[in-house]
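Below: the structure, in structure tokens.
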Amino acid sequence: MTSEQMVRSKTMRGGWSLFEPVLVGRQSELRLFQQQFEAGIAGQLLVTLVAGEPGIGKTRFLREAAQYAEQAGTVVLSGSASEAEGMPPYLPLLEALGQYIRSAPVEELQEQTGAMAPVLVTILPELSFRLRELPDSYSLPPEQARLRLYEAVGLFLAAIARKSGLVLVLDDLQWTDTYTLDLLCYVARTQPRARLLILGAYRDSEITHHPAFERTLTELHRLRLLTPITLRALSEADMGLLALNLLHFSVDPLLLHRLVLQSEGNPFFAEELLRDWLETGFLAKDAQGSLPEGVLERRLPSSIVGAVRSRVGRLDTQIVSLLQVA
């Protein structure tokens, strides 16, 4: 089944059909992921990182890839970093492994964690509820304790992957803490034969001032384990397919051209523009998608303005001042 065939209408609200995420125009990137998936599940730990600007479709790509892996019978665990203040270290891994611990059979957990269970409990307290009796733990200096933790997580991931393989999906890595990045590099170095594919996504425009992330990319390249995938703007033909999937009718070529110009091929921007045009009556099915008067002068939807303001808010004060002048 192609990604274009996976569009499923769920309900109607205010004249706008709500759909599950649509992925179009990424066939070559999906084929590359599938190649990495087959190699990883065969017994070679690999890392595939998907890069692109906000709204370009990275999260949708991860979902499509995860569905492919699940249909192949592989374990898929997902987590995401966050830019919210107060988030704990290792957040993406805590989410991914936490969901596995809560659902896996107790007997399997006991076998997979083994003597490392007391170490894993320090960041995964769910284990203490699932495994009632844990081996005695002992204290170590902070540096040694961190090394033991990295070792325990690596062995745990390899054990989960041993039976049917594992795809570890980590989103929004541009906000990941240094400890998580260091742990991933450690796992990549020490578990080369694990049936594990680490699949992540990040905003390439937001890692310039993230030395730990750049160091991680360098290390993974040095180990010959990293395959980068960059998602770029959609073509006009792909934009037409995106609009057709969402609207269920073809838009006029002039309107489609305007959509491409205003969104610059960004799927999120395009979808929000189409939603705004439809909900405000500027676009109607009986008009067959003709370009209505006033579309060119319309303000951007609030969802797009909010996304832009969020990005601008993270810039240095001097840069914001220059943008205001511009």
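Modelled spin-label separation between R146 and D252, with each label point placed 7 Å from Cα along the Cα-to-Cβ direction: 6.1 nm. The gain in end-to-end length when the R193 to E111 segment is fully stretched comes to 27.6 nm, 0.36 nm per residue minus the alpha carbon separation. Each of L134 and S82 was given a label point 7 Å from its Cα along the Cα-to-Cβ line. The distance between the two points is 2.2 nm. Relative to the current alpha-carbon distance between S103 and D177, full extension at 0.36 nm per residue lengthens the span by 24.0 nm.
The modelled label-to-label distance between E38 and K163, using points 7 Å beyond Cα along the C-beta direction, is 2.6 nm. Once you sort the root eigenvalues of the Cα gyration tensor of the stretch 106-242 as a ≥ b ≥ c, which label holds: rounded (a/c under 1.5), prolate (a/b larger than b/c) or oblate (the other case)? Prolate shape, in that a/c is at least 1.5 and a/b is the bigger ratio. Of the GluC sites (Glu not before Pro) found in the stretch 46-125, the ones in coil according to DSSP and having at most 12 other Cβ atoms within 10 Å of their Cβ are E83, E85. Restricting the stretch 99-185 to chymotrypsin sites (Phe, Trp or Tyr not before Pro) that sit in a DSSP loop and have at most 16 other Cβ atoms within 10 Å of their own Cβ leaves Y138.
A short reminder: the numbers here are calculations on the coordinates, not readings from a lab. Because the structure is a prediction, the values reported are computed rather than measured. Every residue, glycine as well, gets a Cβ built from its backbone with ideal geometry; the counts of neighbours run over all protein chains shown.
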